[in-house]
Amino acid sequence: MTDTDHRTIVSCSVNGRRRDDVVPDNMLLVDYLREHIGLTGTKIGCDGGECGCCTVLVDGRPRHACLTLAAVCNGTDIETIEALDRSGRLNALQRGFNEKLGAQCGFCTPGMIMAAEGLLRDNPDPTEDDIRQGLAANICRCTGYVKIIEAVQFAAAELKNEKTGAAA
Ligand code: FES
Ligand code: FES
């Protein structure tokens, strides 16, 4: 008997679409997303919970998909980087990373953006310290982090302006 003989049904929502999949009990969420569904925007860096490249949102909270079993996501709402521009327009964080040059090689960027997305939903007006804390589980080997923090500040300001504009 192999590991894949043990299977389970995962019923969840991925980027707003309801899914019911039969997967191996031991399949990691990152493999479910990348290999089973084909959402390769979520990256694998260390594959051991150290780098944050694989960060996605599960019920709105950032999670390392390389440390999470797909089976435990049964009944949850999962969001990946592919969810963010579904309206056909980059979202505020994606615009921020573009505008402030927050990405260099770009490998950490999907995970950074998803961690920042979770942060801004919880705390739309973060201080620099809040942003540093919110992204503490995400490692970037290229940027030195300053540009990433500016990108998140840009997004927070844009979202605030959009809210104020909508309320006016
Ligand atoms: S790949 Fe998941 S934390 Fe590094
Ligand atoms: S932009 Fe290269 S690792 Fe972050």
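Assorted remarks:
- The angle separating the long axis of helix 109-122 from the principal Cα axis of greatest extent in the chain is about 70 degrees.
- Taking all pairs of distinct alpha-carbon atoms in region 3-83, Kirkwood radius in angstrom: 12.3
- DSSP-defined antiparallel bridges as percent of all bridges, the chain, nearest 5: 90
- Among the trypsin sites (Lys or Arg not before Pro) found in region 94-168, those both in a DSSP coil and sparsely packed, with 14 or fewer other Cβ atoms within 10 Å of their Cβ, are 141.
- In the chain, the longest principal axis of the Cα atoms and the axis of helix 146-167 are about 80 degrees apart.
- Dimensionless Rg ratio for region 43-163, taking C-alpha atoms and the 2.2 N^0.38 Å reference: 1.00
- Helical contribution to [θ] at 222 nm, DSSP H n ≥ 4, -39,500 (n - 2.57), averaged over the chain, rounded to 500: -9500 deg cm²/dmol
Throughout, read-outs are computed from the coordinates displayed, never taken from laboratory work. As the structure is a prediction and not an experimental result, all values here were calculated from the model. Positions of Cβ are backbone-derived with ideal geometry, glycine not excepted, and every protein chain shown enters the neighbour counts.
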